[in-house]
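Participant: What follows is a single structure, and I will ask about it in a moment.
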Amino acid sequence: MSRRFLFLLPLVLIAALGIGFWFGLQRDPQALPSALINKPVPEFSLAAIEGSARGFRRDDLLGKVSLVNIFGSWCLACRIEHPFLMELKANGVVPVYGINWREPDRQAGPEWLDKFGNPYRLVGDDPRSEGAIAFGVTGAPETFFVDRKGIIRYKHAGPITRDIWESKLWPIVQRLRAES
Amino acid sequence: MADRPAPARRILVLLTVLAGLAGLAPDSAHAVLPEEVLADPAHEARARAISRELRCVVCQNQSIDDSDADLARDLRVLVRQRIVEGDSDDEVIAYVVSRYGDFVLLRPPVKGATLVLWIGPVAIVLIGLLALISYFRRAGREAESAGR
């Protein structure tokens with residue numbers, strides 16, 4: 001390169017920086033990469049919520065492809081995805097397990113499920129974030145995709161919508177099911 | 001006039017007081033609730049030190065020691081639980097990192113993926129210095145040859 005064009009170098013550098021920022025700033029700083037992808041579900045064991053006989057623990061997830069959904073009655077976005085989870089249950093698409101995270105009291109979670117319906121195969125009560133921390137959860141709702149061997153394969157942060165399910169999440173379930 | 005302190009000294013006093021306040025501030029900002037505090041002061045001191053290194057994943061620019069978020073509180077309790085159960089400091093931190101990744105460490109570890117983070121600023125300053133040096137050398141040479 002001729003020295004005559006050296007004056008362009010800072011411009012090129014600044015343009016490159018600008019492009020980097022353009023894309024960098026569009027990323028959601030709240031969306032963290034999960035440290036648990038392709039790792040086994042950590043050991044956890046949660047008590048039953050009120051009115052339910054059985055809690056939810058790690059070994060419940062073995063032997064099938066399943067979803068683990070973090071929710072709470074206080075969580076607005078959980079309310080948004082809830083009808084879709086009910087639909088998944090009604091159509092027997094995939095078993096969804098629930099972690100009822102940090103309810104203000106023992107009644108709030110069960111009341112919420114009574115009122116809107118319970119889309120979960122099992123629900124664990126998680127008042128002290130034991131389950132949430134086991135899954136490295138930062139907010140609700142979050143949904144984890146677990147394969148037959150109990151390995152976490154995918155994490156979806158935020159509500160599950162029909163669009164996201166059809167374009168992204170259902171193919172993941174199918175792929176995991178196709179594995180031996 | 002003589003009984004009043006010189007302006008310079010007044011400013012010095014003011015700066016000293018401000019520095020003292022600034023020194024106090026970080027420690028008074030912690031969010032640990034009384035019922036969380038461990039009975040054993042040595043355990044509690046270790047828990048505090050560990051908590052200051054861990055990022056609150058909800059608020060992100062605070063440590064869990066500083067944050068009032070519910071999840072930060074539960075993480076503080078977990079850190080204390082593990083200390084009481086006999087974990088070493090490194091084991092407690094490794095446990096939290098295994099759940100949340102290196103992101104929870106307010107001081108990221110030096111390794112392949114974070115090398116740019118650690119070396120980048122130093123490298124940029126060095127490149128700038130080299131560019132400056134070469135520029136002034138050339139300017140010096142040109143001035144010399146022009147002066148001849």
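Participant: B:Q62's amide H: which non-local residues (gap 5+, or another chain) put their own amide H closer than 5 Å, with H modeled 1.01 Å from N in plane and none for Pro or chain starts?
Facilitator: B:C56
Participant: Between A:R148, A:R54, A:R27, find the one with the highest GNM mean-square fluctuation for chain A; connect C-alpha pairs within less than 10 Å.
Facilitator: A:R27
Participant: Pop the C-beta distance of B:E44 and A:R175 into the FRET formula with R0 = 51 Å and round what comes out to the nearest 0.05.
Facilitator: On the way: r = 48 Å, r/R0 = 0.94.
Efficiency, rounded to the nearest 0.05: 0.60.
Participant: Share of antiparallel DSSP beta bridges in the protein assembly as shown, in percent to the nearest 5? Show your work: numbers first, answer last.
Facilitator: Values: 18 of 27 bridges.
Of those bridges, close to 65 percent are antiparallel.
Participant: Please list the equivalent ellipsoid semi-axes of the stretch B:30-109, computed as the square roots of five times the alpha-carbon gyration tensor eigenvalues, in descending order and whole angstrom. Walk me through the numbers on the way to the answer.
Facilitator: Numbers: eigenvalues 64, 46, 19 Å².
They are 18, 15, 10 Å, listed from largest to smallest.
Participant: Could you work out the mean projected area of the convex hull around the alpha carbons of the stretch B:63-148, in square nanometres to one decimal? Provide the component values of the computation, followed by the final result.
Facilitator: Values: hull surface 36.3 nm².
Average projection, Cα convex hull of the stretch B:63-148: 9.1 nm².
Participant: Give a residue-ordered list of calculated ³J(HN,Hα) values for the stretch A:73-78 (Karplus: 6.51 cos²θ - 1.76 cosθ + 1.60, θ = phi - 60°; whole Hz; x for Gly, Pro).
Facilitator: 5, 7, 9, 5, 5, 5
Participant: Calculate how steeply helix A:8-24 sits against the longest principal axis of the alpha-carbon atoms of chain A, using the helix alpha-carbon long axis, and give the answer as 0 to 90 degrees to the nearest 10.
Facilitator: 10
Participant: Expressed as a fraction of 2.2 N^0.38 Å, the rule-of-thumb size for a compact globular protein of N residues, what is the C-alpha radius of gyration of the protein assembly as shown? Can you show the working numbers first?
Facilitator: Values: Rg = 27.5 Å, N = 328, 2.2 N^0.38 = 19.9 Å.
Output field value: 1.39.
Participant: Right, another one. Please list, in chain and number order, the residues 5+ apart from A:Y97 or on another chain whose amide H is under 5 Å from its amide H, with Hs placed from the backbone.
Facilitator: Placed amide hydrogens put A:L67, A:V68, A:N69, A:R121 under 5 Å from A:Y97.
Participant: Go through the stretch A:52-60 residue by residue and turn each phi into a ³J(HN,Hα) via Karplus (6.51, -1.76, 1.60, θ = phi - 60°); whole Hz please, and just put x for glycine and proline.
Facilitator: With the stated coefficients, the stretch A:52-60 comes to 10, 7, 10, x, 8, 9, 3, 5, 4 Hz.
Participant: Which residue, A:F84, A:F71, A:F23, tops the fluctuation ranking in a GNM of chain A built on C-alpha contacts under 10 Å?
Facilitator: Result: A:F23 has the largest fluctuation of those listed.
Participant: Under 27 Å between alpha carbons, and skipping anything fewer than 8 positions from A:K89 in its own chain: which lysines qualify?
Facilitator: A:K39, A:K64, A:K115, A:K149, A:K155, A:K168
Participant: Another one. Just counting partner chain Cβ atoms within 10 Å, what average do the residues of peptide A:119-132 show around their Cβ?
Facilitator: Working: counts 0, 0, 0, 0, 0, 0, 0, 1, 1, 6, 8, 4, 0, 5.
That average works out to 2.
Participant: How well do other chains shield peptide B:73-79, expressed as the mean number of their Cβ atoms within 10 Å of each residue Cβ?
Facilitator: Values: counts 2, 9, 3, 0, 4, 4, 0.
Average per residue, whole number: 3.
Participant: Can you give the relative contact order of the stretch A:1-142 as a percent, counting alpha carbon pairs under 8 Å and 6+ residues apart?
Facilitator: On the way: 176 pairs, mean separation 41.1, N = 142.
29 percent.
Participant: Taking the alpha-carbon set of chain A, what are its Rg and Dmax in Å?
Facilitator: Calculated on Cα positions, Rg and Dmax stand at 20.9, 80 Å.
Participant: When the helix-only estimate is applied to chain A (DSSP H runs of n ≥ 4, each -39,500 (n - 2.57), divided by the residue count), what is the mean residue ellipticity at 222 nm, nearest 500 deg cm²/dmol? Mind dumping the intermediate values first?
Facilitator: Details: 5 runs with 55 residues, N = 180.
Only helices count here, giving -9000 deg cm²/dmol.
Participant: Top mean-square fluctuation among A:L25, A:L88, A:L67, Gaussian network model of chain A, C-alpha springs under 10 Å?
Facilitator: Among A:L25, A:L88, A:L67, the largest mean-square fluctuation in the Gaussian network model of chain A belongs to A:L25.
Participant: Just to be sure I understand the model, the point goes 7 Å from the Cα along the line to the Cβ. What's the resulting B:D68 to B:T114 distance in nm?
Facilitator: With each label placed 7 Å out from Cα toward Cβ, I get 3.0 nm.
Participant: Here's another thing I want to ask about it. Scan chain A and hand back the longest stretch that contains none of the GluC sites (Glu not before Pro) lying in DSSP loops with at most 12 other Cβ atoms within 10 Å.
Facilitator: Numbers: sites that count: A:E43, A:E179.
Result for the longest clean stretch: A:44-178.
Participant: Compute the length gained on full extension between A:K168 and A:M86: take 0.36 nm times their separation in residues and subtract their Cα-Cα distance, giving the result in nm to one decimal. Mind showing how you got there, number by number?
Facilitator: Details: separation 82, 0.36 × 82 = 29.52 nm, distance 1.88 nm.
Additional length available on full extension: 27.6 nm.
Every number in this text was worked out from the coordinates using simple rules, so none of it is lab data. Every value quoted in this text rests on a predicted model; they were computed, and no experiment measured them. Cβ: placed from backbone, ideal geometry, glycine included. Neighbour counts: every protein chain shown.
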